[in-house]
Each structure stands twice: as structure tokens, then as C-alpha cells.
Amino acid sequence: MADKDPLVVFTPSGKRGRFPAGTPVLSAARQLGVDLDSVCGGRGICSKCQVTPAYGDFSKHGVTVAPDALSEWNAVEQRYQDKRGLKPGRRLGCQASVQRDVVIDVPPESQVHRQVVRKAASARVIEMDPATRLFYVEVDEPDMHEPTGDLERVARALRQQWDIPRVEAEFALLGQLQKVLRKGAWKITVALHKPHADAVPRLVAAWPGLHEGGLFGLAIDLGSTTIAAHLTDLDTGQVVASAGVMNPQIRFGEDLMSRVSYAMMNPGGDVEMTRVVREAIDTLTVEIAAEAGIDPALILEAVFVCNPVMHHLLLGIDPVELGQAPFALATSGALALSAVEMGLAALPGSAQVYILPCIAGHVGADAAAVALSEEPGKSEDLVLVVDVGTNAEILLGDRSRVLACSSPTGPAFEGAQISSGQRAAPGAIEAIRIDPETKEPRFRVIGCEKWSNEDGFREETAQSGITGICGSGIIEAVAEMRIAGLLDPSGLIGSAEQTGTGRCVADGRTHQYVIHDGTDSGGPRITVTQGDIRAIQLAKSALYAGARLLMDERGVDTVDRVVLAGAFGAHISPLHAMVLGMIPDVPLDRVTSAGNAAGTGARIALCNVAARREIERVVREITKVETAIEPRFQEHFVAANAIPHATDPFPELSKVVDLPKVAFGAGGDGGRDGGRRRRRRA
């Protein structure tokens, strides 16, 4: 294809290519291996190939997308719009054709292998003291001789029957109150929201008679890449449903600074990003309520945790100040708002929203939630808590002091910008082992418990196929390649001659390692390329450098234990994390998982009012370290590019595995003297 042909960039996969003008978007997606669904074969009938083009300047991708980047809306799309309707901004991939450079987002519902968001709620004992509670009252009927309003008589009933001296009411509820009172024959159940001990309770909902349908809240972890929600029973604290969606803002940039840049370069860009994320939250609310079989009107409270850029965009605040020193937040304090003020249409208008406080300009409410969940300030030993994601939050502390920073790891840990990468979905390779002698891989995919060399694996994966490699899979693959001598400490992949395996094949001037080749049966060829290695090196180096900065601030070279949080906490083995050099060297049995600690912190704040006051106090005592302006960050980053590290010793790791001493970039011997591992788990 000629260089002058239009460039097409697909998000969230990051796959790109040039195609002649007039190429249907669906055809371009298929040629690039983009996960875009179609059942009708491109006839414009099934509508499964819906995509969302993005317009404006995209510095990260090096393109400017003009309004006429795709062909004009056609009769087939209009017919479908008239019959069933398309979401604003959506096009049918089989009908829209490429005309000029374009960035195209494939929404989750248009993906063949729809994402399985693995930020599940962690089991956690929480003392129940919610801000919203139910009260049943019997209200006096109106009397011409006593001219008081219905609300005033409800307040009197609460005072007399519940000893609640005073109440206020959400304006959105006033229009419903009279009908509810009369339908219930003056016997009603009201929901009162009292955010702290000294607050005046607010009337936020009412039902005729005795309401036994329950009361629910949402704990939402609004991440850069995924939005995870836990629907929680506010009476029992039980999580009745968990669900997640991709953050649609990813089409404006995979990382936070790309989104800030988009807002800077495109007038109204921040408004657009606010709109799409609120729509996604509305969609998620409806879906999670349907999954639990409840009416969304019963969801009367929501707690949000998010990083500072997501925080501002959720609130409709331009994040431009967060893109430049001194990284000033519009507000760092906790916020209490209504669903109407937040612009969240799927929640009742009187529903109450609480947003945890931010710690600093680059250390947000998600880090505060991790601190609430893991309580490093109460630890007797020195603990490093790492919440791994597109933007990593890192806490280091004990009873004497807690420090925090944020590190820009990027989306590689979540499978993005990886040649065979994909989100965690059935068919994605999630775990891998490479034999150090034969260099042959065996792997496990999401949706199948068997390993690829076990009987029955082919039959159990026939439906999902073997489709790509997700974040945990690429991390294990790179670590296993290092253990097996396929990769030298600098991150260079050896040739077939150097490594002794034909799975290392030439890829231009570099090499790639073939994990699985399904091309004979129409499937993909899944490899780890030199570019993939580099992406993982950059991500893990940022993570390690952030941890080292906090350790420098504390004046220590080691920590007592490490807690892995986030989507990876439950899916990455400590061995592979340490072989990569993602985390400092500690005994492997001192590395534990906290699951989605930010989500757990949100649930704690949702279920316990005192916890909100506690975290508001704690964040004021945390020492913030700003990686963006700290000169030592770059020094640590460069040294951490080596696998596991160029200078820091890893004595605990060396007790478990001898890493091969190969140097492919300097005439290495291909790993034949690579040593033998002393011990290796099955």
C-alpha cells in the first residue's frame, strides 16, 4: 500500500495500517485482525459492526482526523437508524468507508470476544453503617384546620416516631411525595441520607406502605481503561452483582496525558470526554441492575474512586492544569453531590454521590481508596502496595509514615499496544510456561482450566478459539522467555541459532517468539515481538522507578512485604513479577494479592460513613512524591529497563531461579550455558 493511502488507527487495540480510499472499515479491521463483529457478512442487516469514529488532533497517533475522514452517511445506515436506532456518533463498519486518516473506536458490544472485566469485588468484612437508611412512618392526613404541607407532616412523623429532629428533601423528590402518600394511605417508607453525624438527613426516596424491595448502592472504580462497578445491598453489604465496561475515553488516548493533550488541542474535547464517560456509567448502571434483577430506581447512592484526570473529566472540569506543573487540582477534597448535579441519568435524580478525596495532582481518589482498603498506615512492617493499571498508584508505609506516588505505566499491562494483545476475554492466553530445555511453550486460555498440552484442551477451546494474549499472559510470557534463555538481560530476543529453537524467527532486524500458530485453521499467529518486549520494559520500569523513589524517600533499600492490587493482583504470580523486575526483591511468600483494592475501598466508603471521615483524615497525612519532576525517577527508570534490573541485586529471587547469563546483543552464546533453575513451581 502506498504511504499516501489513508492511515486507519483502531482503538482500544492500537492496531493500525494504511488502506486505499474507499476501503470499508469492516474490511480494514479484518485485514488488521481487529476484533470487530459481523454476522450478516457486511450486508448492513445485523448492525454488529458498529464503530465510533473520533475527530480532531491525536498527537499520540500522529494524525489529524478531518470531519470527512469517512464516507457520508448512506441509505443503509439511515434505514437501520429509522428501524432500530444507532447511538449518536456510531457508524456501521460495513457501510462507512475510509476516505482520509481516521481513528476508529470499536465499542465493547461490537467486539467478537467481548471483554471480561476481572476487577471482581474482594471478599471483605465491612462494618455496616451506610449513609442511606430506610424508615417506615405513619403520617397524619391533611387537615383544613391545620394548614401544613405533606413534607412537613412527614418530617413531624419522623420526629415523633424515630426521634429525628429535622429533615430536608431533595427537590427531585417533592413532585412524587404526594402521590406516594395517598397511594400508601398515609403509611410510607422513606430513605434518608445522612452523610455524617452532624448532617441534617435528606429525604431521597419514598415508597407507599412498607417497602421490602431493598436499597442499593454502587461502588465504582473509574479507571483509565476500564470502569468496574459493584452493586451492593446497603442493608447487608453483600455485593449482589459486579460488572464492567471499557472506558470509552480510550479512543481519545490510551493514557491520561494523551487525554489531557486532546483536551488542550481540541476545543470542547473535555466536554466530549465527560459526556462519553457519563454515558458509559449510565449504561453500566442499567446493565448491572438488570443482572441483579432490580429496578435502577432502588440505587440511591454511588461512591466513585478514580485518578485525578478521570476525577476532573467525570465532574466536567477541564483537566488542562493537570498536564503541567504544578499539577493543580480544581479541588482535592471529598465531594458529595446528587445524581442530577453529576449528570447521571440512569440513577434516580435524588440519588447521592460521594467521591473520595484526591491525594495530589497525580495521586487520586483511587490511591485514597487503596489506602482505605489496605491501611498501610496501620502496618507493623514496611509494606509496599502497588495498584497496577494504566496509571499505577504506589503506597509505601507503616505506622510511622505513609508515602504515595503515581507512575505512568501505560496500557501494555492490560494487553493494549501489544502485537497479539487483547483484553481479558475467553480465548485469550492468560498464563504460559516455557520449557527451559526444549524452549516449547504450554499455555492456558481464559475460559478453559486445562493447559494446551493436556488432553481435552482442543475440544474445550473449540468455541472460543485461541485469540490473542491478555495482560497477565504477556507478563508471564516475557518473564518465561527470560527464564528459558530466549531473552537476554537487556530485553533482546535471540535468533534461532542463538536460542536453539525454531520458534525464534526473524522479524525485520529483530526476532519474535512464536507461542501459537493457528493460521492453518484460520486462526491467528500469536507471537511476542521485540516491540512487545519494549512496551513491557517501559511499563515495568515506570512501576519499579516509582517504588524506588518512595523507598529513597524513606531511606531504605528493601521492603518487608509487597501487596499487588488491581486487575493483576489476582492473576500474576509473584515469581513472574519479580523476574520482570516489576517489584522490589522480597521473599516470594511475602508477596500477596489484594484483588481490586480500589474497588474494595469504594465499597467500604459506600457501606460505612465513618470510613469516609477516616480517609479524609488519612489523605492529609500522606506524603506525596511527584514522579514527573523528580530527577531520580529517570535514573531509576533507565536502570530498571534491564530484566530484572541493571544494578539492584535480587538475592531473594536468586534463591528460586538462576537467570541465564546470555547477551545476544554482544555475541552471546545463545543461552547454552544459561544455568539451571534450582526450583520451579509446576
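The values are calculated or read from the model by the stated rules, or taken from the named source; none is laboratory data. Remember, predicted model here, so these are calculated numbers, not experimental data. Cβ: placed from backbone, ideal geometry, glycine included. Neighbour counts: every protein chain shown. With ligands, DNA and RNA removed, areas are computed over all heavy atoms of the protein, side chains included. Shrake-Rupley method; radii C 1.70, N 1.55, O 1.52, S 1.80 Å.
Things to note:
- Checked against the criteria, GLY471 does not count as of a type outside the set (Ser, Thr, Tyr), free of Cβ contacts under 8 Å to residues at least 12 places away in the same chain, in contact with a helix residue (DSSP H, G or I) (Cβ under 8 Å, 6 or more places away or on another chain) and more than 16 Å from ALA663 (Cβ to Cβ).
- Pairs meeting the criteria (first residue in segment 365-387 and modelled with pLDDT under 95 and surrounded by fewer than 24 Cβ atoms within 10 Å (Cβ to Cβ), second residue among the aliphatic types (A, V, I, L, M) and not in a strand (DSSP E or B), beta carbons under 6 Å, at least 6 apart or on different chains) are GLU374/ALA597.
- In segment 157-190, the qualifying residues are those that are touching a strand residue (DSSP E or B) at 6+ places or on another chain (Cβ under 6 Å) and of a type in the set (S, T, N, Q), and the one that is most open to solvent (accessible area, probe 1.4 Å) is GLN161.
- Residues of segment 185-225 classified as in contact (Cβ under 8 Å) with a residue 12 or more places away in the chain, in a loop (DSSP other than H, G, I, E, B) and not hydrophobic (A, V, I, L, M, F, W, C), total: 11
- Qualifying residue in segment 589-602 (condition: of a type outside the set (Gly, Ala, Ser) and assigned to a loop (DSSP other than H, G, I, E, B)): yes
- If you filter segment 105-156 down to residues that are open to solvent by 50 Å² or more (accessible area, probe 1.4 Å), touching a His at 6+ places or on another chain (Cβ under 9 Å) and within 30 Å of GLN422 (Cα to Cα), you find that the one that is modelled with the lowest pLDDT is ARG118.
- In the set (1) surrounded by fewer than 18 Cβ atoms within 10 Å (Cβ to Cβ); (2) touching a residue at least 40 places away in the same chain (Cβ under 8 Å), the condition left unmet by HIS576 is number (1).
- The C-beta contact set for segment 148-163 (first residue acidic (Asp, Glu), second residue at pLDDT below 90, distance under 8 angstrom, 6+ apart or interchain) comprises ASP150/PRO142.
Listed here are the residues, each with its yes/no results for (1) out of contact with any Phe, Trp or Tyr (no Cβ under 9 Å at 6 or more places or on another chain); (2) among the hydrophobic types (A, V, I, L, M, F, W, C); (3) farther than 22 Å from GLN111 by Cβ.
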residue: GLN50; (1), (2), (3): yes, no, no
residue: VAL65; (1), (2), (3): no, yes, no
residue: SER71; (1), (2), (3): yes, no, yes
residue: ARG79; (1), (2), (3): yes, no, yes
residue: ARG84; (1), (2), (3): yes, no, no
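- Restricting segment 1-36 to residues that are polar (S, T, N, Q) and in contact with a strand residue (DSSP E or B) (Cβ under 8 Å, 6 or more places away or on another chain) leaves a set whose member that is modelled with the highest pLDDT is THR23.
- Just one of the listed residues (LEU329, LEU300, LEU337, LEU314) is assigned to a helix (DSSP H, G or I) and of a type outside the set (Asp, Glu), and it is LEU314.
- Summed over segment 185-231, the residues that are within 17 Å of the chain's Cα centre (by Cα), under 20 Å from PRO357 (Cα atoms) and not small (Gly, Ala, Ser) give a count of 6.
- Condition check for VAL353: part of a strand (DSSP E or B), at pLDDT 95 or above, closer than 30 Å to ASP105 by Cβ and touching an Asp or Glu at 6+ places or on another chain (Cβ under 6 Å): no
- Selection status of VAL39, closer than 26 Å to ALA424 by Cα, surrounded by fewer than 16 Cβ atoms within 10 Å (Cβ to Cβ) and not basic (Lys, Arg): yes
- The residues on offer are VAL514, VAL445, VAL528, VAL478, and the sole one that is closer than 22 Å to GLN111 by Cβ, of a type in the set (A, V, I, L, M) and within 30 Å of the chain's Cα centre (by Cα) is VAL445.
- Count of segment 262-283 residues, restricted to those that are touching a Gly at 6+ places or on another chain (Cβ under 7 Å) and either open to solvent by less than 40 Å² (accessible area, probe 1.4 Å) or in a strand (DSSP E or B) (or both), is 5.
- Applying the criterion of being of a type outside the set (Val, Ile, Thr) and surrounded by fewer than 22 Cβ atoms within 10 Å (Cβ to Cβ) to the residues of segment 236-246, the residue that is nearest to GLU301 (Cα to Cα) is GLY237.
- The listed residues are ASP520, ASP532, and the only one of them that is more than 17 Å from LEU659 (Cα to Cα) and without any contact (Cβ under 8 Å) to a residue 40 or more places away in the chain turns out to be ASP520.
- Checking each residue in segment 49-100 for being more than 25 Å from the chain's Cα centre (by Cα), more than 25 Å from ASP5 (Cα to Cα) and not charged (D, E, K, R) picks out ALA75, VAL76, GLN78, TYR80, GLN81, GLY85, LEU86.
- Filtering segment 24-32 for residues that are open to solvent by 60 Å² or more (accessible area, probe 1.4 Å) and farther than 29 Å from GLY410 by Cα leaves an empty set.
- Tabulated pairs, segment 290-308, first modelled with pLDDT under 95, second acidic (Asp, Glu), C-beta under 7 angstrom, 6+ apart or interchain: CYS306/ASP366; ASN307/ASP366
- Selection within segment 70-104: residues that are of a type in the set (A, V, I, L, M, F, W, C) and more than 25 Å from ALA280 (Cα to Cα). The member of this set that is modelled with the highest pLDDT is VAL98.
- Residue ID - modelled with the lowest pLDDT, chosen from residues in segment 638-667 that are assigned to a helix (DSSP H, G or I) and surrounded by fewer than 21 Cβ atoms within 10 Å (Cβ to Cβ): ALA666
- In the condition set (1) outside any strand (DSSP E or B); (2) open to solvent by less than 10 Å² (accessible area, probe 1.4 Å); (3) among the small types (Gly, Ala, Ser), ALA565 is compliant with all but (1).
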